[in-house]
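Here the structure is laid out as structure tokens; the discussion comes afterwards.
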Amino acid sequence: MAEVLVYVDHVDGAVRKPTLELLTLARRIGEPVAVHLGAGADAAAPVLAEYGAVKVLTADAPEFADYLVVPKVDALAAAYKAVSPAAVLVPSSAEGKEIAARLAVRIGSGIITDAVDLEAGDEGPVATQSVFAASYSTKSRVTTGTPVITVKPNSAAPEAAPAAGTVEQVAVTFGELSTGTKVVSRTPRESTGRPELTEAAIVVSGGRGVNGAENFPVIEALADSLGAAVGASRAAVDAGWYPHTNQVGQTGKSVSPQLYIAAGISGAIQHRAGMQTSKTIVAINKDAEAPIFELVDYGVVGDLFEVVPQLTDEVKSRKG
Ligand SMILES: Cc1cc2nc3c(=O)[nH]c(=O)nc-3n(C[C@H](O)[C@H](O)[C@H](O)COP(=O)(O)OP(=O)(O)OC[C@H]3O[C@@H](n4cnc5c(N)ncnc54)[C@H](O)[C@@H]3O)c2cc1C
């Protein structure tokens, strides 16, 4: 069976969920071979094996942390040469997309970014993308070279399928360009304790209807009861009620969770562009004519300050 390279997104060997999703999707088109760069391969390998990696190719060098993406591209290209895979899958983060694009140029391949699904096809893997503010789904296939495909978080439910996960070192020679951009400092973001917005299985977002920064704790309380991330409309972030990093939409983050709850958000096209591929959408809005109700699975017409706290209490009571 053909091998499929899966680029591992991790923090010091703690494998992030989008990589487990990629391993699950990779099994539809071949045998996953994980590529783990940087520290922590020993911790990562058993997890990667559990989710189907037949092999784990590893490389560690200071260059991966000290410089921007090019050393990682050098290493992924070395893994590509060692394996000659049928496809290369990379998580659709900003860094992942840059790595994938640079690799595709190097190996003369076509690239598909931001896929939301992947299936085997007679002439190679077929990727589904959600385009034009999620109003169309397209299916595409790379016709030149080995397909390089980036896949959005939450595109598949990770499924364990234990495999050998044999760890092998991959020899990497860094090119001249790899040390072109040095990382000069790092400041960790203050943790909210909530999941990362783009990877969260549940997102609760607030909009202009929240009516002030002082009211956002109502949204946060519901999010915390569900173990969710908090999002916001542009109207809410532009008003300074919530950080810009939490904006969902065309000019913010794109999310595709299992459950998206929009409170006090009208459903403008630019907001929909960032959340319309969510699996289940719930809206709470006091205006029954709000456009958001056109795309919801469940809608509550009501004042969010009455509905959201009741929902939070109900979730908490059901959790015991
Ligand atoms: C180039 C461009 C890019 C953009 N990018 C983005 C983007 O990335 N993300 C984004 O979100 N927007 C974006 N916008 C802005 C977008 O067009 C809308 O202006 C914005 O999404 C509106 O935010 P909102 O729904 O929170 O506010 P509004 O449209 O004002 O809606 C507020 C809603 O809250 C309801 N409401 C009020 N009070 C309550 C209450 N107490 N209980 C329940 N419901 C209540 C109202 O009925 C209303 O439907 C962009 C615009 C442009 C031009």
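When the strands (runs of 3 or more DSSP E) confined to segment 8-100 are screened for residues that are within 30 Å of Ile202 (Cβ to Cβ), those reaching at least 1 such residues are found at 31-37, 87-91. Evaluating Phe293 against the criteria (1) more than 23 Å from Arg194 (Cβ to Cβ); (2) among the hydrophobic types (A, V, I, L, M, F, W, C); (3) buried (at least 23 other Cβ atoms within 10 Å of the Cβ) leaves one unmet condition, (3). Go through (1) farther than 22 Å from Val11 by Cβ; (2) over 25 Å from the mean Cα position of the chain (by Cα) one by one and return the number of the condition Val172 breaks. Only one criterion in (1) farther than 22 Å from Val11 by Cβ; (2) over 25 Å from the mean Cα position of the chain (by Cα) is unmet by Val172, namely (1). Of the residues making up segment 296-312, those that are farther than 16 Å from Ile219 by Cα and either touching a His at 6+ places or on another chain (Cβ under 6 Å) or surrounded by 17 or more Cβ atoms within 10 Å (Cβ to Cβ) (or both) are Val296, Gly299. Taken together, the residues in segment 269-290 that are more than 8 Å from the ligand (Cβ to nearest atom), over 22 Å from the mean Cα position of the chain (by Cα) and either charged (D, E, K, R) or surrounded by fewer than 22 Cβ atoms within 10 Å (Cβ to Cβ) (or both) amount to 2.
Within segment 31-51, the set of residues being out of contact with any Pro (no Cβ under 7 Å at 6 or more places or on another chain) and surrounded by fewer than 21 Cβ atoms within 10 Å (Cβ to Cβ) comprises Glu31, Ala39, Gly40, Asp42, Ala43, Pro46.
For segment 229-268, the set of residues classified as surrounded by fewer than 23 Cβ atoms within 10 Å (Cβ to Cβ), assigned to a helix (DSSP H, G or I) and within 7 Å of the ligand (Cβ to nearest atom) consists of Arg234, Ala235, listed by residue number. Residues that are open to solvent by 20 Å² or more (accessible area, probe 1.4 Å), closer than 24 Å to Thr198 by Cα and either in a loop (DSSP other than H, G, I, E, B) or modelled with pLDDT of 95 or more (or both) within segment 102-116 comprise Arg102, Ile111, Thr113, listed in sequence order. Restricted to segment 1-30, and to residues there that are small (Gly, Ala, Ser) and under 14 Å from Val54 (Cβ atoms), the residue that is most open to solvent (accessible area, probe 1.4 Å) is Ala2.
The values are calculated or read from the model by the stated rules, or taken from the named source; none is laboratory data. Fair warning: this is a prediction, and the values are worked out from it, not measured in the lab. Cβ sites come from the backbone with ideal geometry, for glycine too, and all protein chains shown count toward neighbours. These accessible areas exclude ligands, DNA and RNA; they are computed on the full protein's heavy atoms, side chains included. Shrake-Rupley method; radii C 1.70, N 1.55, O 1.52, S 1.80 Å.
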